[in-house]
1. Please enumerate the residues belonging to the stretch 13-70 that are under 17 Å from residue 81 (Cα atoms) and at pLDDT below 70.
2. Taking the stretch 69-80 on its own, how many of its residues are more than 14 Å from residue 34 (Cα to Cα) and either touching a strand residue (DSSP E or B) at 6+ places or on another chain (Cβ under 6 Å) or exposed (fewer than 13 other Cβ atoms within 10 Å of the Cβ) (or both)?
3. Sort out which residues of the stretch 57-68 are surrounded by fewer than 11 Cβ atoms within 10 Å (Cβ to Cβ) and on the phi < 0 side of the Ramachandran plot, and write them in order of number.
4. Quick test of your reading of the structure: residue 10 fulfils all but one of (1) modelled with pLDDT under 70; (2) not in a loop (DSSP other than H, G, I, E, B). Name the failing condition by number.
């Protein structure tokens with residue numbers, strides 16, 4: 001029986017040695033966060049109110065005035081714009097939540113009022129079947145279904 005014995009040498013790597021070596025490397029220290037003074041923040045905020053996207057010359061001038069690198073000023077402006085964006089998104093979401101909450105409350109009142117009045121209103125009454133009675137309040141609009149106009153009055 002002639003076997004084809006073409007074996008290749010397999011090299012085993014001792015990864016433990018590699019890991020231990022990486023622990024013994026001197027750690028590169030992270031740059032410490034730049035803590036700005038109230039005066040520096042005031043100058044940056046004033047510049048930001050003037051222009052949210054100042055040109056490089058303005059950022060260089062501000063950096064020289066407050067004594068920090070221009071790159072830090074540039075990053076401060078990026079972070080400040082991101083903060084503004086987050087605040088605006090929060091305000092919009094909060095406004096939307098309140099709006100939907102108020103319509104939900106209004107719809108509950110309408111439902112309760114309709115249940116109270118509904119038992120005394122006959123479905124054969126002419127005003128009950130009128131287009132004005134088709135008015136429906138919902139979360140997304142206060143539009144009258146009979147003519148498409150907006151109305152804030154309850155119609156029964």
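The values are calculated or read from the model by the stated rules, or taken from the named source; none is laboratory data. Fair warning: this is a prediction, and the values are worked out from it, not measured in the lab. Quick reminder, even Gly has a Cβ in these numbers, built from the backbone with ideal geometry, and neighbours come from all protein chains shown.
1. If the condition is that a residue be under 17 Å from residue 81 (Cα atoms) and at pLDDT below 70, then no residue fits.
2. Total satisfying the criteria: 1.
3. 57 - this is the single residue of the stretch 57-68 that is surrounded by fewer than 11 Cβ atoms within 10 Å (Cβ to Cβ) and on the phi < 0 side of the Ramachandran plot.
4. (2) is the only condition that residue 10 fails.
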